[in-house]
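The values are calculated or read from the model by the stated rules, or taken from the named source; none is laboratory data. Remember, predicted model here, so these are calculated numbers, not experimental data. In this analysis, Cβ positions are derived from the backbone assuming ideal geometry, glycine residues included, and neighbour counts consider all displayed protein chains. For the accessible areas, the whole protein counts, side chains as well, though only heavy atoms, and no ligand, DNA or RNA atoms are used. Shrake-Rupley method; radii C 1.70, N 1.55, O 1.52, S 1.80 Å.
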Amino acid sequence: MSKLNKILAFLLCVTLLVGMMAGCSSKETIEIPEEYENITYNQKTMVELSDIDFLLDGKSEYVIVIPDEADGNESFAASELQHFVKLASGAELKIVKESEASAEGKYFYIGAVKAAEKAGVTPTYEQVKTNGFQIKLIGDDCYLRGYHPYGTRNSIYEFLDQVFDYEIYAGDEIYLEHKQSAKMPAFDQIVNPAIDQRRANYGSIIHVDENRIRMQMINSPEVFVTGSQCHNSFDVISPTKYDYTSEEYKDWFSGALVTIGGNTIPAQLCYSNEEMQAQYAINLIELVKDSPATAMMIGQQDEPGWCSCEKCMAMEEKYGTHAAQMILFANKMQAEVDVWFAENRPGVQPTRLVMFAYGETVTPPAKFNEQTGAWEPMDETMVLNPNSSVMIAPADSLYDKPIVETDPHDINSIHGTIEAWLSICNQPYFWLYTLQFQHSGGMILMDTIEFVAQNYQYLADIGALHLIDQAETYAQNYSAWANAKCYVLTKLGWDPTLHVGQLIEDFFDHYYGPASQTMQALFGEQREYMTYLMKTDPSNAGKYNADLATTDYWKYNQLKRYLSQIDQALADIAPMEQTDPERYAVLYDRIVTESIQYRYLILQLYYMEYEDVVQLEKERMAFKSDCIRLGITRASEQISLDSVWSSWGLS
């Protein structure tokens, strides 16, 4: 079965044609428009082939060349190219440093080699940002390079896709077309993702770097100085180092105190305090000057209790939001960073400072101008430095419909919030949500798939630089279709024009083999149910912190029906236990992983249905055993399965 190029019946067209035929005599001929005869979804653009042999009878003359002082990403890119070429063809490509390469030969030039400079393969930031790349065939030599090393490592997968139809569905499911001979594609292209920085959002790729890189995602340390992606103000001004109880430093912090992990600390900094600002700038320069990361969060702490000093309160009263104070603070810090780079690193893009629009700062200091029909800053001071950005994280918004279907004129809607921020910052970062964050969210599908492509296209259209669509992150493996969603969301982040239904079908065909249809039907049924919940109860089902793990949402017979479909999927693969026992074991575990969500809800919500206490304990022990074997350790960010075992009385 081919990977992406399956020909699907156009169901809407067929439905219309059936209706048309009902009204026609048997002698009439239906004219079918040519474009409907063969519809191919997600057809990739193939590069024309050159007449140069890349592979011939399982061998290749090509050598991989890396810079003498190769960046770790450039070295990884070279090893990935070497690994997958051998896996697909058996050919072994040697990796050498540029100074070791002979004058004659056929080469893959990876990254910032001198040969690329000489050949003019020098993509700029404006062309490819940090994750795009240029790939070009000049003579016999193939150049693969990004402006940033992240782009360079992404370029390898474009080559593999063109030559071997490479596709990664999950860390443990990679497709390659095996071939012994192949011509070199006549590459001459620049490739960019729709959204430049797409941050890993599932545990399966967050906790395994190899999986994340192969899915062309980034992690927080690759983006942000110190690796902190949100609440990091105390990383710069620590209330311990700068003793918040002392007369010298007490005014650097808000008067509100919070207790975290048994330690009492201030809730926030006082962002209007000039002495604190001066020290923050000094510490900030020390952090960013030698960091390879491209941005630094200017993120308040994740606690209520903003400073109530006269200056801070005056700002909040004037603008109606604490975001105003953060904009002034971020601008002042960015000015310090810009000056340092101009004096010490001329020509180098300064580290981008990113303020955090979250909680009490999510509402921008902007107003809607009825005459112009556009949002505008409340005054000229409420515009971010062009080198700065804002991370927009509308956590309290509903996620029951596409962003563009909410009111763009209402600052309290997700669309209105974003549009208002765009009048203040033109290169925003985004933090969205695709999970039930609280309670047992890791065991319940939050189905944002239906409109995620539309959302991502909107973000790309407005110039989003960065996206994290937060999912289940705190463990490596989850149930509730985490791997299916991870694949679909990852693909759409790169190209939101892809057909979602075809992505889902392609994933299930490869990931579940003979059980594909059964598992896809179960997934579809559950998605339909979640869509129903979002329409009938959007204030809960469409909210990231809703509690859906209740008997109001999940009925006993419904969950048992889902498990019967799991049983059918296991029956679908049963013959493989004899014909291909190794593959059978892989598929078996994948199917059982999806049983976990339903078994958890039954054992948590309907334990009273068990008249036989021994049977209940037996099923709970089997559930625990499967979770441990499959590496499923959490029901949600807040709930570890160890605490569940304890509540069940299991040792």
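Summary of values
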item	result
Karplus-derived 3J(HN,Hα), 6.51/-1.76/1.60, for each residue of the stretch 94-106, Hz, glycine and proline x	7, 10, 9, 6, 4, 5, 9, 6, 6, 5, 10, x, 10
Positive-end extreme of charge dipole, the chain - chosen from M446, W421, P581 (charges on Cβ)	P581
In the stretch 584-651, trypsin sites (Lys or Arg not before Pro) in a DSSP loop with at most 16 other beta-carbon atoms within 10 Å	none
Cα-centre dipole for the chain with unit charges at Cβ (Lys and Arg positive, Asp and Glu negative), debye to 20	580 debye
The stretch 90-230 - share of DSSP beta bridges that are antiparallel (%, nearest 5)	75 percent
The stretch 600-651 versus the stretch 78-145: alpha-carbon centroid distance in Å	51 Å
Neighbour net charge for E274 - beta-carbon separation under 14 angstrom, K R +1, D E -1	-2
Eligible lysines near K118 by straight Cα distance, threshold 16 Å, same-chain separation 8 or greater	K136
Where the chain is the region considered: accessible area per residue in Å², 1.4 Å probe	44 Å²
Estimated 222 nm signal from helices in the chain, with DSSP H stretches of n ≥ 4 weighted -39500 (n - 2.57), rounded to 500	-12500 deg cm²/dmol
Euclidean distance between Cα centres, the stretch 346-390 to the stretch 508-548, Å	36 Å
The chain, accessible surface, carbon-and-sulfur percent (1.4 angstrom probe)	49 percent
Relative contact order (percent, whole number), the chain, Cα cutoff 8 Å, 6+ residue spacing	11 percent
Farthest toward positive dipole pole in the stretch 496-651 [+1 Lys/Arg, -1 Asp/Glu at C-beta], among Q597, L650, M534	M534
Neighbour count of at most 13 Cβ within 10 Å plus DSSP loop: longest GluC sites (Glu not before Pro)-free window in the chain	381-610
Partner aspartates and glutamates for K289 [C-alpha distance under 17 Å; skip if fewer than 8 residues away on the same chain]	E222, D235, E336, D338, E343
Net dipole in debye of the stretch 278-388 [+1 Lys, Arg Cβ; -1 Asp, Glu Cβ; about Cα centre; nearest 20]	260 debye
Neighbourhood net charge (11 Å Cβ-Cβ; Lys/Arg +1, Asp/Glu -1) for A464	-1
Percent antiparallel among DSSP beta bridges (both partners in the chain, rounded to 5)	50 percent
Filter on K59/K491; K485/K618; K94/K491; K401/K485; K44/K543; K59/K97 - keep pairs with C-alpha separation over 24 Å	K59/K491; K485/K618; K94/K491; K44/K543
Helix runs (DSSP H) in the chain reaching 24 Å along axis by Cα, Kyte-Doolittle at least 1.6	none
Whichever lysines have a C-alpha closer than 25 Å to that of K311, once near sequence neighbours (fewer than 8 apart) are set aside	K241, K250, K332, K367
Separation between Cα centres of the stretch 195-251 and the stretch 297-341, rounded to whole Å	19 Å
Sparse-neighbourhood loop sites, chymotrypsin sites (Phe, Trp or Tyr not before Pro) in the stretch 284-355 - DSSP loop, at most 14 other Cβ within 10 angstrom	none
Cα-centre dipole for the stretch 336-390 with unit charges at Cβ (Lys and Arg positive, Asp and Glu negative), debye to 20	240 debye
The stretch 253-309, relative contact order [Cα under 8 Å, separation at least 6], %	49 percent
Selection of chymotrypsin sites (Phe, Trp or Tyr not before Pro), the stretch 70-171, meeting DSSP coil and at most 10 other Cβ within 10 Å	none
